[in-house]
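Worksheet for the structure shown next.
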Amino acid sequence: MGSKLLLHSGGCHCRRVRWEVKAPTSVVAWKCNCSDCSMRGNIDFVVPSERFKLLGDSDQYLTTYTFGTHTAKHTFCKVCGITSFFIPRSNPDGIAITYRCVDPGTLAHVEIKQYDGKNWEGSYHLSGISSDSKVNAEKAN
Ligand SMILES: [Zn+2]
């Protein structure tokens, strides 16, 4: 159920940043408690980066914040400040999509799981999150 890929569209609040992403209609999203995510309040699902496409001139409105290991690229819109997607530390080969920034109507189900970002290394191994950005590691549901 829900493993077939569908084209979702979405973006930031002011709509200067717009994108398309191929993902199932049913996704697992991660709610992370690290210092950055807990302030932003974002809940994201991860896709392989090749399934994500920025549209139009979105690029010129993006800016990037990094901290700590500087692996994660916390992109956000320069105009409205919304992080509609970013490159997560757990999946440098993937894109984390803020599920609430997907246009309404195409995501049928979002299962929210906790990611213990305060204990990042342990959670990384336990969660299996690194497989979320691998094309050949689709889960059965
Ligand atoms: Zn914006």
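Screening Ile112, Ile82 for residues that are touching a His at 6+ places or on another chain (Cβ under 7 Å) and β-branched (Val, Ile, Thr) leaves exactly one candidate, Ile82.
Taking the stretch 1-21, which residues are within 16 Å of the ligand (Cβ to nearest atom), under 15 Å from Pro104 (Cα atoms) and either open to solvent by less than 60 Å² (accessible area, probe 1.4 Å) or touching a Phe, Trp or Tyr at 6+ places or on another chain (Cβ under 8 Å) (or both)? Before you say what the answer is, go through the steps one by one.
Going residue by residue through the stretch 1-21, those that are within 16 Å of the ligand (Cβ to nearest atom) are 9-19.
Now restrict to residues that are under 15 Å from Pro104 (Cα atoms): 9-13, 15, 18-19.
Within the stretch 1-21, Ser9, Gly10, Gly11, Cys12, Arg18, Trp19 meet the criteria.
Taking the stretch 22-141 as the region of interest, the strands (runs of 3 or more DSSP E) fully inside it that hold 1 or more residues being away from the ligand (no atom under 16 Å from the Cβ) and modelled with pLDDT of 95 or more are 26-32, 43-48, 52-54, 94-98, 109-115.
The set of residues from the stretch 35-51 being buried (at least 18 other Cβ atoms within 10 Å of the Cβ) and not charged (D, E, K, R) comprises Cys37, Asn42, Ile43, Phe45, Val46, Val47, Pro48.
Just one of the listed residues (Ile129, Ile87) is without any contact (Cβ under 8 Å) to a residue 60 or more places away in the chain and under 16 Å from the mean Cα position of the chain (by Cα), and it is Ile87. Being within 23 Å of Cys14 (Cα to Cα), out of contact with any strand residue (DSSP E or B) (no Cβ under 7 Å at 6 or more places or on another chain) and open to solvent by 40 Å² or more (accessible area, probe 1.4 Å) is not true of Arg89.
The values are calculated or read from the model by the stated rules, or taken from the named source; none is laboratory data. Just so it is clear, the structure is predicted and the values come from calculations on it, not from any experiment. Please note: Cβ atoms are built from the backbone with ideal geometry, for glycine as well, and neighbour counts cover all protein chains shown. Note: areas computed on protein heavy atoms with side chains; ligands, DNA, RNA excluded. Shrake-Rupley method; radii C 1.70, N 1.55, O 1.52, S 1.80 Å.
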